[in-house]
Amino acid sequence: MSAAHALQDGAIVAKRNLIKIKRVPEVLVFVLISPIMFVLLFAYVFGDSIEIPGMDYREFLIAGIFAQTVIFGSTFTGAGLAEDMQKGIIDRFRSLPMSRSAVLIGRTASDIVYNLLSIVIMALTGLLVGWRIRSSFLDALGGFLLLLLFAYAFSWIMALMGLIVPSPEVINNASFIVIFPMTFIANTFVPAENLPGPLRTFAEWNPVSAVTQAARELFGNMPPEAAAAVPDVWSLDHPVAYTLIWVVGILVVFVPLSVSRYKKAASK
C-alpha cells in the first residue's frame, strides 16, 4: 500500500485509540492529574531549597517537568501495543485490508494527543506557581513543538518494546527502569554542573538534557546569569540541533525496526 493509505489507516487507528478514553476514563485522569502533581510537588517541596543563579527555581523547573512528562507519556504506545498483542487484537487487524504500519502510526500519533493535553495542563499549572514565558510567541511555540517531536520519536522506542515484551505490566516496569534514570540524571531538576564526575558527563550528553535546555531557551527562561553557568559542551551550547539529531536518529533506527517486528508478530 502507498504512504497515503498507510497514513489514512493510521488516522483511523489513532481515532480508535482516543475513543478508548470514553471506556477507560482513568487514563485521561492520569494524563491530567500526574502533571499537576509533579509541578506542585517540585515547585513547593524543592522550590526554596535549590538556588539557580539569576532566576527563580520554578522557571528553571517547568521545562524539565515538561520533558519528563512527555517522555513518560510515550509509554502509552508500548503499553497499548503490548495489551493488543496479549488480547489478540493484532490478529484482528491482520485480517483487515489495511496497511501493516498503520497500527504503529496510529498508536504513536495518539500519544501526541495525550502529551498535548499534558503540556496544556502543565503550562496552566506552571503559570499558577509563578512560571512565565519570556520569549516571543513563535519561540514559545517552537519549544512546545520540540517537546512533542522528541516525545513522538521516543514513542517509537516504546513501540518496539511493546512488541517484544509479553504484557502491559512488563512494559510499564521496563520503561520505568529506562526512563527514570534518563530524566533524573539530566538537567531537568538541577543544573548538570551540580552532578559529580561521570554523572555530570552523562547528563551533559543526555538527550533529555538537550530537549530541556532547548525548551528553557525557547521559553526565555535562561537569563544571562543562568546561561553563563551552563557547561561549555556542544550538546548544551546547541540544544535544538542536538535534540533534532536525536529525533532523526531514533526515527531512522526504530521506525523500521518496529514495523519489521510488527510484521513478524502479525504473521504468527
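Worth pointing out:
Yes/no per residue for (1) farther than 23 Å from residue 73 by Cβ; (2) among the aliphatic types (A, V, I, L, M); (3) without any contact (Cβ under 8 Å) to a residue 40 or more places away in the chain:
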{"site": "135", "(1), (2), (3)": "yes, no, no"}
{"site": "138", "(1), (2), (3)": "yes, yes, yes"}
{"site": "147", "(1), (2), (3)": "no, yes, no"}
{"site": "156", "(1), (2), (3)": "no, no, no"}
{"site": "168", "(1), (2), (3)": "no, no, no"}
{"site": "199", "(1), (2), (3)": "yes, yes, yes"}
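- Residue satisfying all of: in region 192-217; at pLDDT 90 or above and among the acidic types (Asp, Glu); farthest from residue 149 (Cα to Cα) among these: 204
- Region 218-243 - residue that is surrounded by 19 or more Cβ atoms within 10 Å (Cβ to Cβ) and within 19 Å of residue 145 (Cβ to Cβ) and, of those, modelled with the lowest pLDDT: 222
- Candidate set: region 41-65, residues that are assigned to a helix (DSSP H, G or I) and surrounded by fewer than 15 Cβ atoms within 10 Å (Cβ to Cβ); chosen: the one modelled with the lowest pLDDT: 45
Results for (1) of a type in the set (Gly, Ala, Ser); (2) crowded, with 18+ Cβ neighbours inside 10 Å; (3) part of a helix (DSSP H, G or I); (4) in contact (Cβ under 8 Å) with a residue 60 or more places away in the chain, shown as yes or no for each residue.
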residue: 128; (1), (2), (3), (4): no, no, yes, no
residue: 131; (1), (2), (3), (4): no, yes, no, yes
residue: 159; (1), (2), (3), (4): yes, yes, yes, yes
residue: 171; (1), (2), (3), (4): no, yes, yes, yes
residue: 183; (1), (2), (3), (4): no, yes, yes, yes
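- Restricting region 83-132 to residues that are among the polar types (S, T, N, Q) and over 30 Å from residue 55 (Cα atoms), the residue that is modelled with the lowest pLDDT: 95
- Pair list, Cβ < 6 Å and 6+ apart or interchain, from region 51-63 residues that are under 14 Å from residue 126 (Cβ atoms) to residues that are outside any loop (DSSP other than H, G, I, E, B) and among the charged types (D, E, K, R): 63/216
The values are calculated or read from the model by the stated rules, or taken from the named source; none is laboratory data. Since we're looking at a predicted model, the values are computed, not measured. Glycine also receives a Cβ, built like all others from the backbone with ideal geometry; neighbour counts cover every protein chain displayed.
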